[in-house]
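The values are calculated or read from the model by the stated rules, or taken from the named source; none is laboratory data. Because the structure is a prediction, the values reported are computed rather than measured. Cβ placement follows ideal geometry from the backbone for every residue including glycine, while neighbour counts extend to all protein chains displayed.
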Amino acid sequence: MNGSVCRVAIGICVALAMPMHVAEAASDPRASARAELQQLVEAFKHAMLVKDGEAIRKMFIPGGSWFRVLDPASLAAARAKKPEAAQVNPGSYEDLAKFLGTTSAAIEETFDDVRIETDGTAGMVWFDYRFISDGKQDHHGVETWQVIHQSDGWKISAMLYSVSPG
């Protein structure tokens, strides 16, 4: 085998052995932004787990939007307790931060099938979630974030999530 054929063969073997995410990062300039957003997701999950309301606060742009949307079963249950309950409810990250600081329950939010799209400046993160309180699933749904990259990193500018019981 001559030298050039050998170099080509070695190159092919190296390329085949390279993990897909390394190849993606080399060919996609947006890959580092997606990796940073994945870190934001992990930081959010960790802050929930350790009930760090201040960390949650730092992940959001003040004044951003936050909406919870109840599915039909959740809406019916809410209206059984309070007839004027609405399907769409505004809220804020401040409410979440306060809740984390006052609840005695063990809290965890799991994220499945996380999808991230970004151009490096703005982006979207969406996933299926499960909210677990004291080891029991309380509710689940789909959650979406609109995110913006600022000088101090990625921030959540808007959150929308659905709520289905159990």
Identity of the residue in the stretch 109-130, part of a strand (DSSP E or B) and over 13 Å from the mean Cα position of the chain (by Cα), that ends up nearest to Ala33 (Cα to Cα): Thr118
Residue list for the stretch 27-77, restricted to those being among the acidic types (Asp, Glu) and more than 22 Å from Asp113 (Cβ to Cβ): Asp52, Glu54
For the stretch 110-130, does any single residue satisfy the condition of being at pLDDT below 95 and surrounded by 15 or more Cβ atoms within 10 Å (Cβ to Cβ)? no
Could we say that Gln87 is polar (S, T, N, Q), closer than 21 Å to Met48 by Cβ and touching a residue at least 12 places away in the same chain (Cβ under 8 Å) here? no
Verdict on Trp154 being hydrophobic (A, V, I, L, M, F, W, C), within 20 Å of Gln39 (Cβ to Cβ) and free of Cβ contacts under 8 Å to residues at least 24 places away in the same chain: no
Criterion: touching a Leu at 6+ places or on another chain (Cβ under 8 Å), closer than 25 Å to Glu54 by Cβ and among the charged types (D, E, K, R) - qualifying residue of Glu94, Glu143: Glu143
Any residue at all in the stretch 26-47 that's hydrophobic (A, V, I, L, M, F, W, C), assigned to a strand (DSSP E or B) and closer than 18 Å to Ala158 by Cβ? no
